[in-house]
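One structure is given below, encoded as structure tokens.
Each value in this text was obtained by applying a stated rule to the coordinates, not by laboratory testing. This is a predicted model, so every value here is computed, not measured.
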Amino acid sequence: MSKKILTLFMVSMFVMTALFTGCGAQKEQAQAKETKEKVLRVGCNADFAPFEFQDVNGKEYVGFDMDLIRAIGKEMGYEVQIQNINFDGLIPAMDAGNIDVIISGMTITDERSKKVQFSKPYYQSGLTIAVKNDNKTINSFKDLEGKTIAVQIGTTGAEEAKKVKDAKVKEFNSSADTFMELKIGGVEAVVNDRPVNDYYLAQGGSKDAKALSEILTAEDYGIAINKNNADLAKQVDAALEKLKSNGEYDKIYAKWFGAKK
Ligand code: GLN
């Protein structure tokens, strides 16, 4: 009898050990799977149509940059998570380790290149001026002298506007805010990236505003990557290259800007 009990005890111990080991192994497997499904934390300022903005329901981040980074992430085997951050807070957020990359219509500049590494250029841009339709006095950059100008904080547009003699430059958190300020008559002009001005006008803004044809600068957008992550930068460039050669980039481009000329 006691032998039987002992056997029973030993069997149950064996079963329990097997069960626990099983659980542990399962947990380990799940952890391994988690690390396999890598997450790419992407920062952008989602108020910069048509590159990054929120859809009509405010639920999804959409735009050229959003499609591009999702395609890049897929190519690299990463799940893409988007975070919406003020433009001037993007590089500090990456410095703090809260995001891995930035895609936000960000122009590759020498100043920024000291803090981040940029991917190969992915879009050619430049600045233009938008004014009210009935404005007859501002016809070129030099006409901005002594005028009031709205710009977005921390952008190349802000830098350019600050070069204008005697101009009063008002800085806003988003390009949308600069257009609003023009509309309500708070400023006489806005300086923004050309495709952003054009998109605003095409989406109904042309009812009361127009863009001047003069293009003030030649700028290239790049994806910014943490300086400490050379490997990630290589992966991003390789993915971008692949999307350019397999036609995926052109498809995304055509979706937002029409076929390339
Ligand atoms: N291209 C401009 C810059 O890099 C504006 C970018 C933006 O406002 N998202 O400064």
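Exceeding 32 Å between C-alpha atoms, which entries from my cross-link table qualify? They are 168/207; 114/162; 147/244.
Among 168/207; 114/162; 147/244, the Cα-Cα distance tops 32 Å for 147/244.
Over the chain, what is the relative contact order in whole percent, taking alpha-carbon pairs under 8 Å and six or more residues apart?
Reported relative contact order: 23 percent.
Angle between the Cα long axis of helix 248-257 and the longest principal axis of the chain, 0 to 90 degrees, nearest 10?
40 degrees
If the limit is 19 Å between Cα atoms, which of 142/210; 234/255; 59/260; 38/255 go over it?
Table pairs above 19 Å Cα-Cα are 234/255; 59/260; 38/255.
Any idea what angle helix 2-36 forms with the longest principal axis of the chain, computed on alpha-carbon atoms, 0 to 90 degrees, nearest 10?
For 2-36 against the chain, the angle is about 20 degrees.
Where a Cα-Cα gap under 18 Å defines reach, which aspartates and glutamates qualify for residue 136, not counting those fewer than 8 residues away within the same chain?
Correct list for residue 136: 145, 188, 208, 214.
Cα centroids of region 56-81 and region 226-261: how far apart, whole angstrom?
Between the Cα centres of region 56-81 and region 226-261 lies a distance of 12 Å.
Between residue 86 and residue 213, what length in nm is gained on full extension when 0.36 nm per residue of separation is reduced by their alpha carbon distance?
Going from the current span to full extension adds 42.9 nm.
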